[in-house]
Amino acid sequence: MSPGPAPHVRSSASDAPAACRLLLVRHAKAVPKDVAEDFERALSDRGRADAPETGRWLAESGFAPRLVLCSPARRTRQTWQLIAPALPDVPPAVYDDRLYDAAPNVLATVLAERGAGVSRLMLVGHNTGIHELATALCGTGPPRLLDRLREGLPTSGVVVVDLPGVWESLTPGDGHLTAFWAPAH
């Protein structure tokens, strides 16, 4: 990972308006797995510091969701609750049990069901599913960002994907990777 926060990068392919914009956020750093039952794992000190930074980056970059879909696990709820205060207009959040540690196909199903009529969604979830969904959707984008995405999605990381269609028709490779950001460590 490069030093400092990754800049928000746009390329000419993303200048055309997208039908849908998806903000994929991996939950902030949590306490180790041996400290608590997985669903109840809380954020670590680092996670509590990084999540508000993610919110500030989203606000400064202008990536404002209209709806947030969030796993109900403690660490994802805490991540969203620490991101929200930085946003100029806090959107409603829906906690869906199916998002807990979900595979990409389940994430896509929830997006299709919950996203009808919403052009900008944020999904706060878990690896590996959220990273796998991001890499599957992103067929185009700045090569440097696509390479970083292939390497992984750090905790508190954000992947912004512009999509040409509606949530019900998510297709691998149809998305454009518009931005990728993670806190510097």
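The values are calculated or read from the model by the stated rules, or taken from the named source; none is laboratory data. Because the structure is predicted, anything quoted here is derived from the model rather than measured. As a convention, Cβ positions derive from the backbone with ideal geometry for all residues, glycine included, and neighbour counts pool all protein chains shown. Side chains are part of the model used for accessible areas, which takes the heavy atoms of the whole protein and leaves out ligands, DNA and RNA. Shrake-Rupley method; radii C 1.70, N 1.55, O 1.52, S 1.80 Å.
Report the one residue of Ala19, Leu123, Val158 whose Cα lies farthest in the direction of the positive end of the charge dipole of the chain (charges on C-beta: Lys and Arg +1, Asp and Glu -1; origin at the Cα centre). Of the candidates, Val158 comes out farthest on the positive side. The gain in end-to-end length when the Arg66 to Val90 segment is fully stretched comes to 7.8 nm, 0.36 nm per residue minus the alpha carbon separation. Here the chain exposes an accessible surface that is 53 percent carbon and sulfur, computed with a 1.4 Å probe and the other protein chains kept in place. Computed across the chain, the Kirkwood radius stands at 16.1 Å (inverse of mean 1/r, all Cα pairs).
What's the FRET efficiency of Val31 with Thr128 using the Cβ-Cβ distance as r and R₀ = 22 Å, to the nearest 0.05?
0.70
What the pair-distance distribution of region 103-185 shows, using all Cα-Cα distances binned every 10 Å from zero, is 18, 55, 25, 2 percent.
Per residue, the solvent-accessible area of region 113-153 (1.4 Å probe, heavy atoms of protein chains only, all protein chains present) comes to 42 Å². Here the extension length gained between Arg56 and Ala184 equals 44.7 nm, from 0.36 nm per residue of separation less the Cα-Cα distance. Between Gly139, Gly117, Gly47, the GNM of the chain built on Cα springs shorter than 10 angstrom shows Gly117 fluctuating the most. Along the Cα-to-C-beta direction of Glu151, a point sits 7 Å from the Cα; which residues of region 20-64 have their amide N less than 16 Å from that point? Output list for this probe position: empty.
Only beta bridges with both residues in the chain are counted; by DSSP, about 45 percent of them are antiparallel. Shown is the FRET efficiency for Asp45 and Thr140, computed with R0 = 41 Å from the Cβ-Cβ distance and rounded to the nearest 0.05: 0.60.
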